[in-house]
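**Q** Let me give you the structure first, and then I'll get to my questions.
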Ligand SMILES: *Cc1c(COP(=O)(O)O)cnc(C)c1O
């Protein structure tokens, strides 16, 4: 066999991509060229430049409001549950990097992906059994929807091609997920005609501990029954609606949905992309209700916030249904499907989580949030303070002034990212008690100033 050519290194000086940009230069390039989430172009606000991160701290390239280090109150949007630069996850990534960072998944397979799929089946509710490894949460929701549509098509019921959800949800930013996001928060007006039109129930009544509202239960049941002939699936975030409004609801409504779906031949999809891996106090939020979905999405904390990966799990009933059709395959296959690097880190992250008393840590943080956020209830303009698992939310009676709220949090040495009328936090599970208290002071300051 001919030898492969040895990799070449540039010989004269360091490679251009290794030369650090001065922060001012970096910000100028960022402003000129780079989109940020939900941002205008060019950007109107100056993002902070993060140089590195370790534990629960983000290190800034230059001081902001007197701080060069910020405690991360966001877990990088629910994902970095073990904090940053974790030695175990770093080692898993390095180890896998030395074998291969990627290889195509068509016709090939590898241990990190197989191990991960088997592990997910083991830890998620029965009878979820088959796993599609996607490259982001939104794609995993697209795959979930495709599975449901195709299931009914294969069973000779192609008219079942709509979705039902409740208002106040968030399922991602590609088209099918967007169509089941809250119609106002998801700006459906902007896309009327382009977005698939789905069936919306009212948002579930507030309160994890609240008694289920019989009127709401009846309306929910009726709506599923009335649209049964055209519904492929009901899709919801169980127990916690995240980016759609940070609202908590009674698990009883999930049992109502399970029953209504069974009675009316409709599949049930749980989007656990935000709630999965312990955030709400159970490993998966479905466990609060004791019900299993037919299809379930996980993402965000799956890789401990290291790399982008998500998964869609389904039951054998769904998989076998699809396989009985005239097109017996699931026609979906992202280029980076099953990415070995992400899968290896995900395996290490799941091991790390389950190898510790994560329930105690989530409870500890929840208690810290309850103690520290109690004071927020007395701040003028605050209408609600709520905590579930390791999630703390302060709701205002007005839209947050992002600039002022961010400045207040950063001055306290904390990174927060409020939205709409919400200042909220979901700290990494490794956050110490002092840092949880600091995060709470920052949430209160942001609520006061914002
Ligand atoms: C974040 C999120 C998504 C989308 O995941 P991406 O990885 O951002 O595409 C979908 N559903 C829920 C519940 C989420 O929180």
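**Q** Hey, does region 439-447 have a residue that's at pLDDT 95 or above, in contact with a helix residue (DSSP H, G or I) (Cβ under 7 Å, 6 or more places away or on another chain) and outside any helix (DSSP H, G or I)?
**A** no
**Q** Taking residue 194, is it surrounded by fewer than 18 Cβ atoms within 10 Å (Cβ to Cβ), touching a helix residue (DSSP H, G or I) at 6+ places or on another chain (Cβ under 9 Å) and in a helix (DSSP H, G or I)? Let's see the steps before the verdict.
**A** Working: surrounded by fewer than 18 Cβ atoms within 10 Å (Cβ to Cβ): yes; touching a helix residue (DSSP H, G or I) at 6+ places or on another chain (Cβ under 9 Å): yes; in a helix (DSSP H, G or I): no.
No.
**Q** Further, regarding this structure: Can you tell me which residue among 192, 138 is within 30 Å of residue 386 (Cα to Cα) and either within 16 Å of the ligand (Cβ to nearest atom) or modelled with pLDDT under 95 (or both)? So that I can check it myself, show each step before the final result.
**A** Details: 192 fails: within 30 Å of residue 386 (Cα to Cα).
Going through 192, 138 in turn, just one is within 30 Å of residue 386 (Cα to Cα) and either within 16 Å of the ligand (Cβ to nearest atom) or modelled with pLDDT under 95 (or both): 138.
**Q** Might you check whether a residue that is touching a helix residue (DSSP H, G or I) at 6+ places or on another chain (Cβ under 6 Å), at pLDDT 95 or above and at positive phi occurs anywhere in region 302-311?
**A** yes
**Q** Only one of (1) exposed (fewer than 14 other Cβ atoms within 10 Å of the Cβ); (2) farther than 28 Å from residue 431 by Cβ is not met by residue 87, so which one is it?
**A** Failed condition: (2).
**Q** So which of 310, 344 is in contact with a strand residue (DSSP E or B) (Cβ under 6 Å, 6 or more places away or on another chain) and either within 17 Å of residue 94 (Cα to Cα) or surrounded by 16 or more Cβ atoms within 10 Å (Cβ to Cβ) (or both)? Lay out the reasoning, then the answer.
**A** Details: 344 fails: in contact with a strand residue (DSSP E or B) (Cβ under 6 Å, 6 or more places away or on another chain).
It is 310.
**Q** Can you name the residue in region 214-241 that is under 28 Å from the mean Cα position of the chain (by Cα) and free of Cβ contacts under 8 Å to residues at least 40 places away in the same chain and is also nearest to residue 143 (Cα to Cα) among such residues?
**A** Per the stated criteria, the residue is 221.
**Q** May I pose another question? Which of the residues that make up region 350-386 are part of a helix (DSSP H, G or I), in contact with a strand residue (DSSP E or B) (Cβ under 8 Å, 6 or more places away or on another chain) and surrounded by fewer than 20 Cβ atoms within 10 Å (Cβ to Cβ)?
**A** 366, 370, 374, 377
**Q** Just to check your reading of the model, which residue among 261, 297 is within 11 Å of the ligand (Cβ to nearest atom) and farther than 20 Å from residue 358 by Cα? Outline the logic, then answer.
**A** Details: 261 fails: within 11 Å of the ligand (Cβ to nearest atom).
After ruling out the rest, the residue left standing is 297.
**Q** Quick check: anything in region 387-403 in contact with a helix residue (DSSP H, G or I) (Cβ under 8 Å, 6 or more places away or on another chain), in a helix (DSSP H, G or I), over 21 Å from residue 50 (Cα atoms) and touching a residue at least 24 places away in the same chain (Cβ under 8 Å)?
**A** no
**Q** Only one of these conditions is not met by residue 208: (1) within 21 Å of residue 384 (Cβ to Cβ); (2) within 16 Å of the ligand (Cβ to nearest atom); (3) in a loop (DSSP other than H, G, I, E, B). Which number is it?
**A** Residue 208 satisfies all of (1) within 21 Å of residue 384 (Cβ to Cβ); (2) within 16 Å of the ligand (Cβ to nearest atom); (3) in a loop (DSSP other than H, G, I, E, B) except (2).
**Q** Sticking with this one: Which of the strands (runs of 3 or more DSSP E) found entirely inside region 57-138 contain at least 2 residues meeting this: more than 30 Å from residue 281 (Cβ to Cβ)? Let's see the steps before the verdict.
**A** On the way: elements: 57-64, 67-72, 128-134.
So the answer is 57-64, 67-72.
**Q** Identify, from the list 62, 51, the residue that is closer than 20 Å to residue 413 by Cα and more than 29 Å from the chain's Cα centre (by Cα).
**A** On the way: 51 fails: more than 29 Å from the chain's Cα centre (by Cα).
Exactly one of 62, 51 is closer than 20 Å to residue 413 by Cα and more than 29 Å from the chain's Cα centre (by Cα), namely 62.
The values are calculated or read from the model by the stated rules, or taken from the named source; none is laboratory data. Remember, predicted model here, so these are calculated numbers, not experimental data. Heads up, the Cβs are rebuilt from the backbone with ideal geometry, glycines too, and the neighbour counts pull from every protein chain shown.
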